[in-house]
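*Asks:* Mind having a look at this structure? Questions to follow.
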Amino acid sequence: MKAVVSVIGKDKTGIIAAVSAELAKLKVNIEDISQTILQDNFVMIMLVDATDANVPPDTLSDRLCKATEKLGVVVHVQHEDLFNAMQRV
Amino acid sequence: MFTDNEIIETIDMLDNRHLDVRTVTLSMSLTDCISDDSARCNAAVYDKITKYAERLVPVCAMLETRYGVKIVNKRIAVTPISIVGAACGDYIGLAKTLDRAGKTLGVDFIGGYSALVQKSATKKETEFLKTLPEALSTTDIVCSSVNVASTKAGMNLDAIKLLGEAIKDLAYRTRKTDSFGCGKLVVFCNAVDDNPFMAGAFTGLTEGECAVNVGVSGPGVVEYEINKHPDYDITKICELIKRTAFKITRLGQLIGSAAADELGFDKGVVDLSLAPTPAVGDSVARILESIGLERVGACGTTAALALLNDAVKKGGVMASARVGGLSGAFIPVSEDAGMIEAARLGAINIEKLEAMTAVCSVGLDMIAVPGDTSAAVISAMIADECAIGMINGKTTAVRVIPVYGKTVGDEVNFGGLFGTAPIMRVNTADPSKFIDRGGAIPAPIHSFKN
C-alpha cells in the first residue's frame with residue numbers, strides 16, 4: 001500500500017532523521033518528500049510505499065508516533081486513497 | 001503526489017473540524033428468521049445477527065487506522081420487528097434478543113424495533129405498538145421507529161394516538177434517566193428504507209440481504225469554510241457548501257466501499273447528513289449563524305437552512321455512487337451546541353423548529369418538553385409534523401421527550417452524543433377531540449400544488 005506520512009509541529013533538529021530512520025528500519029520506501037512552514041508550523045509530507053514493509057501497514061502509524069514522541073510533533077500515516085477520494089474528482 | 005495544501009486541508013478537517021464518519025450501519029434482512037415458534041424465531045435472529053455482523057466492529061477499527069478517520073458509531077439495522085415477530089407474537093422477547101446480540105458484537109445501537117403503519121395497522125401491528133414502552137425501557141441499545149404517514153398513503157391517526165400514549169408511558173418508565181427512553185423512539189412520515197442514522201434506522205422490505213450504509217458528518221468543516229469568506233455573496237456561499245459537501249461525502253463513500261469489501265457485503269448508500277454533536281465546532285446551528293444570522297431561530301433561519309440543505313445534497317450526490325437515507329442537515333436540539341444555547345436563551349421555539357423541518361432532513365428531533373405535556377398534545381405534534389412531510393413529499397419525524405417531573409426552565413443532560421436539553425415550552429391548548437376522533441387522513445392530491 002501507498003500512504004501519506006505527515007508530520008506537523010514545531011521545527012526542531014532531527015525530525016526528518018527520526019522519521020526516515022524508522023521507515024528504513026521497517027523497510028518502507030520513501031518515494032517523495034517535501035517540507036514547508038505553514039501557519040508557523042513545520043510540516044513535512046512524505047509519500048511512502050509500504051508494500052515490502054516488515055510490519056503490518058496498519059501499525060506504521062503507531063511505530064512512527066513512538067519514534068517521534070520526544071520531538072513533540074503530530075504524525076499521521078494515512079492510506080493515499082483517502083486523499084484521492086477527497087481531493088480528486 | 002498531492003499538494004501540501006490538499007494534505008493539510010484533509011488532516012485539518014479530520015483533526016480540528018470534527019469531520020468523521022458518524023456511523024457504519026450494517027443493514028440486514030431478518031425475514032428468513034420468521035417462525036411461529038418463539039424460541040426458534042429468537043434463536044434464528046440472534047444467530048443471524050451475530051454471524052453476519054461478527055466482524056463489523058473490528059473491521060471499522062482497522063479502517064480507522066488505515067485512513068486515520070474516526071468512525072464514531074457502529075450500528076445494525078434490521079427488518080421491522082413488527083413483521084419478523086408477527087407469526088410468533090413474542091415482540092418483547094425479540095427486543096431483548098436484539099439487545100443481547102448487539103451487546104455481544106459491541107455495536108452502539110441496533111435499530112428496527114419498528115412498524116410501518118402509515119395506511120393502517122394489522123391486529124398484530126397494533127399489539128406491537130403497545131409493546132413499545134416495555135421494549136424500550138427494558139433494553140439499552142435497541143432503537144425504534146414507526147412510520148405513521150406517507151405522501152402516498154395518507155396519515156394514520158389511530159396509530160398517532162397510540163404513539164402519543166406510548167411516548168408518555170415510556171417517559172414514565174424511564175423517569176430515572178430523565179425519560180431518555182423516548183430518545184430511542186422516532187415517529188416518521190415517509191420513512192426511508194436505507195437510513196443509517198438512529199433512532200430511525202431499519203431495513204425496509206425493498207432492501208436486499210445485507211448491505212453497508214454509511215452516515216457521514218462534518219458540520220464543523222462547513223462552518224469553518226464559510227467563516228473564511230465573509231465577503232462571499234449567497235450564490236458563492238451555496239457553491240462553497242456544495243464543494244465542501246462533496247469532499248465530506250467522498251470520505252463516506254471511501255469508508256463505505258472499503259467496509260463493504262472487507263465484510264463481503266453489498267455497498268449500500270452514503271447518507272450525507274450534516275449531523276451535529278454537542279461538541280464545540282460540530283454544530284449545524286453555527287453554520288446558519290456563520291451565514292449571517294445573529295442566532296439560530298432569528299428571521300432568516302428557514303431560508304439559510306433551506307440553502308444549506310439543498311447545497312449539501314447537490315454536492316453530495318455527485319460524490320457518491322448511491323446517495324440515500326435522509327441526506328441533508330439534521331437539527332436535533334439537545335445534540336447541537338448552537339441549538340442548546342438558542343433554546344436556553346429562548347431564541348428558538350418549537351414553532352420555529354417546525355417551520356425549519358419543512359426545508360431540511362427529518363423534523364422535531366431530540367426536543368425535551370415538560371413532563372406534564374398530555375399524550376394528545378404529543379400526538380398532535382406528530383400529526384402536524386407528518387402533515388408537513390405528507391403534503392410536501394419529504395421525510396419528517398418527531399422525537400420528543402416529555403421529561404417526567406421537569407418543566408420549562410429545567411434542563412436535562414442525556415450524556416455523550418445526546419447532549420443537553422433545556423425543556424421547551426409547548427402550546428398546551430387541548431387537541432384531544434381531534435386526536436380522539438381516530439381514523440385516517442386520506443392521501444393528499446398530487447396536483448394543483450400551490
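The values are calculated or read from the model by the stated rules, or taken from the named source; none is laboratory data. Quick caveat, the model's predicted, so the values are computed rather than measured. Glycine gets a Cβ as well: all are built from the backbone with ideal geometry, and neighbour counts include every protein chain shown.
*Asks:* Check the range A:34-42 and report whether any residue there is in contact with a strand residue (DSSP E or B) (Cβ under 9 Å, 6 or more places away or on another chain) and more than 13 Å from chain B (Cβ to nearest Cβ).
*Replies:* no
*Asks:* Of B:ARG399, B:ARG425, which residue is under 18 Å from B:VAL187 (Cα atoms) and among the charged types (D, E, K, R)?
*Replies:* That would be B:ARG399, the only listed residue that is under 18 Å from B:VAL187 (Cα atoms) and among the charged types (D, E, K, R).
*Asks:* Among B:VAL280, B:VAL296, B:VAL222, which is over 17 Å from B:LYS352 (Cβ atoms), more than 14 Å from chain A (Cβ to nearest Cβ) and either modelled with pLDDT of 95 or more or part of a helix (DSSP H, G or I) (or both)?
*Replies:* So the residue among B:VAL280, B:VAL296, B:VAL222 that is over 17 Å from B:LYS352 (Cβ atoms), more than 14 Å from chain A (Cβ to nearest Cβ) and either modelled with pLDDT of 95 or more or part of a helix (DSSP H, G or I) (or both) is B:VAL222.
*Asks:* Kindly check whether there is at least one residue in the range A:48-70 that is part of a strand (DSSP E or B) and within 11 Å of chain B (Cβ to nearest Cβ).
*Replies:* no
*Asks:* If you take the residues of the range B:1-19 that are outside any helix (DSSP H, G or I) and at the interface with another protein chain (Cβ under 7 Å from one of its Cβ atoms), which of them is nearest to B:GLY281 (Cα to Cα)?
*Replies:* Here the answer is B:PHE2.
*Asks:* Still on this structure, please answer the following. Let me confirm something: among B:LYS119, B:LYS74, which residue is among the charged types (D, E, K, R), more than 21 Å from B:SER27 (Cβ to Cβ) and not in a helix (DSSP H, G or I)?
*Replies:* So the residue among B:LYS119, B:LYS74 that is among the charged types (D, E, K, R), more than 21 Å from B:SER27 (Cβ to Cβ) and not in a helix (DSSP H, G or I) is B:LYS119.
*Asks:* Return the residues of the range B:45-98 that are aromatic (Phe, Trp, Tyr) and more than 23 Å from the chain's Cα centre (by Cα); say none if nothing qualifies.
*Replies:* Listed by number, the residues that qualify are B:TYR46, B:TYR52, B:TYR67.
*Asks:* Between residues in the range B:44-60 that are in contact (Cβ under 8 Å) with a residue 24 or more places away in the chain and residues that are basic (Lys, Arg) and not in a helix (DSSP H, G or I), which pairs lie under 7 Å by C-beta distance while being six or more apart or on different chains?
*Replies:* Filtered contacts from the range B:44-60: B:LEU56/B:LYS74; B:VAL57/B:LYS74; B:CYS60/B:LYS74.
*Asks:* What's the number of the condition A:GLY72 fails, among (1) under 22 Å from B:VAL69 (Cα atoms); (2) modelled with pLDDT of 90 or more?
*Replies:* Evaluating A:GLY72 over (1) under 22 Å from B:VAL69 (Cα atoms); (2) modelled with pLDDT of 90 or more leaves (2) as the failure.
For (1) of a type in the set (S, T, N, Q); (2) surrounded by 13 or more Cβ atoms within 10 Å (Cβ to Cβ); (3) closer than 21 Å to A:ASP11 by Cβ, each residue gets a yes or a no:
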| residue | (1), (2), (3) |
| --- | --- |
| A:GLU31 | no, no, no |
| A:GLN35 | yes, yes, yes |
| A:ARG63 | no, yes, no |
| A:GLU69 | no, no, yes |
| A:VAL74 | no, yes, yes |
